[in-house]
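To keep things clear, I will list the structure first and then write my remarks on it.
The values are calculated or read from the model by the stated rules, or taken from the named source; none is laboratory data. Values in this document were obtained by computation on a predicted structure and should not be read as measured data. All Cβ positions, even for glycine, are placed from backbone atoms using ideal geometry, and neighbour counts span all protein chains on display. When the accessible area is computed, the model is the full protein with side chains, heavy atoms only, and any ligands, DNA or RNA have been set aside. Shrake-Rupley method; radii C 1.70, N 1.55, O 1.52, S 1.80 Å.
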Amino acid sequence: MFCAAGGAAKTAAARAADAGRLPALYGLLSGEDGAGLCQTEQKLPFTKTLELPEFPFTAWAAQVEGQTEYVNCRVVNPHRIEARGAFGLVVSVHAQNKTELITALSEGGIEQKFTTITGVRRAAALEKLITVEGELALETAPAAVLDITGTAEVRELKVLRGKAVAKGEIKGQCAWRAEGETSLRSTSITLPFNQVLDAEGLSEDCRCLCVVEPTGFTLAQGEGDTSGPGTLTVTAMLRLRGWRPYQLQCVTDAFSTKFETTQTMQNILSERIVCPLSASAPLKGSGALPDAGARVLACFASFGPAQLAFQNGRWNLTARVTVTAFAENTLAELESYEKTLEMDLALDTTLPETADLYPECWLSVEDLQCTAQGGALEVTVTARVEGTILERCTTACVESIALGEPLTPADPEISLRVYYAQAGEQLFEIARRFSVSPGRCWLPMTCPRAQRPLQRLADCWYPAGNICQTTRVLSVKTAQSPI
């Protein structure tokens, strides 16, 4: 007898942990008096409380990943088995919070420099467990159903105000054994689904991601009917993420041409979508078998947490894939073999190593093949990656500014000041040094020789909007940043 906690049969057991359960303890058992193989499955609910530090937030999303550490099984009596194991969890919580920032200043002789923050705010983070049913017809009455696996895909997503409509299909594959036979048969089925997801905050301009992942398969036969088709019930987790894009103009620097100024800076954190993920990653591996004549009966694959790594000048999405194969050796005994593969998916981005990136994605098994040839176990896995990569950006902005004493008036005897700018100096900083408008620095310089180099400097300053001759009066316009 062998057991595995969630495997390829349930497409990445680690992902179902956020549904509040391990998907299954899947067991292959020898039947009575060598009658063959049979299968048993047990769902294990669990609750895990995590302590988080105190922090303000207005929106959040959690992602739970993990991997089976170990599973041990033993037979207690002819009708009972005992399983013990450990499952490691990795929980990531991403939060956003609104922050006030200054978008414009006026009056008091204020000169200011602007920048535009481009990012996304989280509009929806929804997970829904759905159930899909259909008839599965087998050629003959099965003696045992060993495994039911499947993949799922969202083919169409329509976003409306406050809701989203997801259409797709689930493909299931049943491995079973007929009465009096030792070889396994396989039967496939495709089940369509159409789900409406209510998500307050969604709108037509949101960028959305919807992923579906099977978490359980159940095949039931009609009462008293062993020859008719059975009913296949599939439970799947439907995950919806939505982000609303935004652009905000904020003041990054300011000074007054009339008064001394004291400004306080703040760092504004924002997030932006770097690249969406919708790709397949093929993996291959092999290893020697202790018994060269072993025959593979079933195989499973599970994923470790997805991580980002900067390698050879580019960003890659990495994850560990563990493939478990059940085989029958030449002594008609069941054995278990494991093969670990490393997924390394190159991302479509040229951001430097200093970029603060994080993934929000899900991994599933698109295809899995295990064969025993020439005394070696050959493993081929196609991993499906769906999600997105986000970047956290920091922008220094003016949090507050205060006007002080009036500046000393300029000497009226001086009609022109000549300043030789150094390489890298910005026109805004030169204007601050002499307490004049950047426009006054620029306008007199109209000689042809100066136009070309100064044109580069002109992009670094922004003239003030409304300047009045009042004393120590400063008008501030503010807005809220979504982060």
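What percentage of the solvent-accessible surface of the stretch 364-448, computed with a 1.4 Å probe over protein heavy atoms, is contributed by carbon and sulfur atoms?
On the stretch 364-448, the fraction of accessible area on carbon and sulfur atoms equals 52 percent.
Ignoring ligands and nucleic acids, what accessible area does D367 show with a 1.4 Å probe (Å², nearest 10)?
60 Å²
Name the long-range amide H neighbours of E260: under 5 Å, sequence gap of 5 or more, or other chain; modelled H, no Pro or chain starts.
Those qualifying (amide H under 5 Å, at least 5 residues apart or on another chain) are G404, E405, L407.
Could you grab the Rg to Rh ratio for the stretch 331-430? Cα atoms only, Kirkwood for Rh. Spell out each step's value before the answer.
On the way: Rg = 31.9 Å, Rh = 22.3 Å.
Rg divided by Rh gives 1.43.
Using only the heavy atoms of the protein chains and a 1.4 Å probe, how would L331, L202 rank by accessible area, largest first?
Per-residue accessible area, sorted high to low, gives L331, L202.
Of the heavy-atom accessible surface of the stretch 165-238 (probe 1.4 angstrom), what whole percent is carbon and sulfur?
After summing per-atom areas, the C and S share lands at 45 percent.
Test of understanding: what is the full-extension gain from L157 to T190, defined as 0.36 nm times their sequence separation minus their Cα-Cα distance?
10.0 nm
Just from the alpha-carbon atoms, what are the Rg and Dmax of the stretch 37-97 in angstroms?
18.2, 57
At a Förster distance of 56 Å, what's the computed FRET efficiency of A410 paired with D356, Cβ-Cβ distance as r, to 0.05?
Given R0 = 56 Å and the Cβ-Cβ separation, E is 0.80.
Could you work out the relative contact order of the stretch 319-392, using alpha carbon pairs under 8 angstrom and six or more residues apart, expressed as a whole percent?
Answer for the stretch 319-392 is 27 percent.
Taking every pair of Cα atoms in the stretch 69-125, average 1/r, invert it to obtain the Kirkwood radius, and report Rg/Rh to two decimals.
1.54
Rg and Dmax of the stretch 236-374, using alpha carbons, in Å: what are they?
Rg then Dmax for the stretch 236-374, in Å: 25.1, 95.
Can you tell me the mean projection area, over all orientations, of the convex hull of the stretch 40-137's alpha carbons? Units nm², please.
Its average projected convex-hull area is 13.9 nm².
How high is the relative contact order of the stretch 321-440, in percent, counting Cα pairs under 8 Å that sit 6 or more residues apart?
Rounded, it is 16 percent for the stretch 321-440.
Less than 13 Å Cβ to Cβ from G85, Lys/Arg counted +1 and Asp/Glu -1: what total charge do the surrounding residues give?
In short, 0.
What nm value, rounded to one decimal, do you get for the distance between Y419 and A346 when each label is placed 7 Å out toward the C-beta?
Label-label distance for Y419 and A346, simple model: 4.8 nm.
On alpha-carbon atoms, Rg over Rh for the stretch 170-297 using Kirkwood Rh? Intermediate results must be reported in sequence, preceding the final value.
Working: Rg = 28.5 Å, Rh = 22.5 Å.
My calculation of the ratio gives 1.27.
Set the bar at 30 Å for Cα to Cα. Now go through K113/K158; K98/K128; K43/K339; K171/K339; K98/K158 and name every pair that lies beyond it.
Working: K113/K158 41 Å; K98/K128 27 Å; K43/K339 25 Å; K171/K339 26 Å; K98/K158 28 Å.
Those over the limit are K113/K158.
Restricting to Cα pairs below 8 Å that are 6+ residues apart, what does the relative contact order work out to for the stretch 289-343? Please round to a whole percent.
Over the stretch 289-343, the number comes to 35 percent.
Counting only the heavy atoms of the protein chains, how much of C210 is accessible to a 1.4 Å probe, in Å² to the nearest 10?
10 Å²
Compute, for the stretch 38-177, the length of the dipole vector about the Cα centre, with Cβ point charges of +1 (Lys, Arg) and -1 (Asp, Glu) only. Units Debye, rounded to 20.
200 debye
Taking the Cα centre of the stretch 291-436 as the origin, how large is its charge dipole in debye, to the nearest 20, when only Lys and Arg (+1) and Asp and Glu (-1) carry charge on their Cβ atoms?
On the way: 9 positive and 22 negative charges, 58 e Å.
For this selection, approximately 280 debye.
List the aspartates and glutamates whose Cα sits under 15 Å from the Cα of K48, skipping any in the same chain fewer than 8 residues away.
Reachable aspartates and glutamates: D18, E65.
For the stretch 223-304, with every protein chain kept in place, what is the accessible area per residue (1.4 Å probe, Å²)?
43 Å²
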